[in-house]
Amino acid sequence: MEGIEHRSVSVNGINMHVAEKGKGPVVLLLHGFPELWYTWRHQIIALAALGYRAVAPDLRGFGDSDAPPDASSYSCLHVAADIVALIESLAAGQPVFLVAHDWGAMVGWYLCLFRPDLIKAFVSLTVPFRPRHPTIKPIAGMRAFFGDEYYMCRLQEVGKIESEIAEYGAEAVIKKILTERRPGPPLLPKEKPFGADPKGIKLPHWFTEQDLKYYAHKYEQKGFTGGLNYYRALDLNWELTAAWTGAKVRVPVKYIVGDLDMVYTTPGVKEYVSEGGFKQDVPLLEECVVLEDTGHFINQERPHEVNAALHQFFTKFYY
């Protein structure tokens, strides 16, 4: 795809696939679920043309990277260590620009907490910082607030959601998730969790049949368990990060989200972003941008606006 190069890098005991293009300051792009490096196809090409070295890995468990079987291997410490090792291989330990979406953004926030020395500036797409609650584990809290059918709760039982996905097929499930624009906390009903007929969903203009085929092919090869294990490590992450309770993120940050995004429209999130809580936890937060009539997969749906915002923000930190 337009000169994008692919290779495998040995990091933190696994082999990680990376896609990259360009020369210049490194911009590291971290994807979410159910995505791959491919979610950044528009950003890689645009950033390379602007004089950056754009690098997008498949995170552990995804695509062509290794996928350890046990959920405990997907803790924030494991995944952050993967990226620290990748940064060392790319930039000899020098700080890089970081852009991340969905689960990748959660990894990005952990990186900013654990190794702020490695991040020049961070652009988080869709997911704001989530401070650790000192007494309530994540899954118990979400189950109490949103119910048993809240998607993160439904993803916990190993094998259960995988079997439900298999009934629909990878292509139908990915189509359903990537085209969903219903605001509010996502639910996966116990009956027909992905709807009656997701195969009949019409693709939006920003996501082609070719795009869908690429995702589906990789998930048919790899399966979904690696990506689902990130959710299954949420309570473990809570246990491992007790020492960071109350810690603030001290990295320059820009936040970009769509007004229809399922995270942004979950009760409490919009208020946290707009009423000062986010800024209190992230003192170097410079700007929150809300794009109108835009859903969760913002870097694919609105690539030109996102690319322009990245370049505008990063030019402040050239040295």
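The values are calculated or read from the model by the stated rules, or taken from the named source; none is laboratory data. Just so you know, these numbers come straight off a predicted model, no measurement behind them. In this analysis, Cβ positions are derived from the backbone assuming ideal geometry, glycine residues included, and neighbour counts consider all displayed protein chains.
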Go through the stretch 21-55 and report how many residues are buried (at least 24 other Cβ atoms within 10 Å of the Cβ) and farther than 17 Å from Leu178 by Cβ. 8
Take Arg60 and decide whether it is within 16 Å of Thr241 (Cβ to Cβ) and of a type in the set (D, E, K, R). no
Just to be sure I understand the filter: pairs with C-beta atoms under 9 Å, separated by 6 or more residues or on different chains, first member in the stretch 184-210 and among the hydrophobic types (A, V, I, L, M, F, W, C), second member surrounded by fewer than 11 Cβ atoms within 10 Å (Cβ to Cβ). Which pairs pass? Leu203/Glu209
Just give me the residues in the stretch 56-92 being surrounded by fewer than 19 Cβ atoms within 10 Å (Cβ to Cβ), closer than 26 Å to Thr315 by Cα and in contact with a Leu (Cβ under 7 Å, 6 or more places away or on another chain), in sequence order. Val84
Could you please let me know if Val290 is within 24 Å of Cys112 (Cα to Cα), surrounded by fewer than 18 Cβ atoms within 10 Å (Cβ to Cβ), at pLDDT 95 or above and not aromatic (Phe, Trp, Tyr)? yes
Residue count, the stretch 152-168, condition surrounded by fewer than 17 Cβ atoms within 10 Å (Cβ to Cβ), in a helix (DSSP H, G or I) and in contact (Cβ under 8 Å) with a residue 60 or more places away in the chain, comes to 1
Residues in the stretch 136-151: is at least one more than 23 Å from His78 (Cβ to Cβ), in a helix (DSSP H, G or I), touching a helix residue (DSSP H, G or I) at 6+ places or on another chain (Cβ under 6 Å) and modelled with pLDDT under 95? no
Kindly provide the set of residues from the stretch 211-242 that are among the charged types (D, E, K, R) and in contact with a helix residue (DSSP H, G or I) (Cβ under 9 Å, 6 or more places away or on another chain), ordered by number. Asp211, Lys213, Lys218, Glu220, Arg232, Asp235
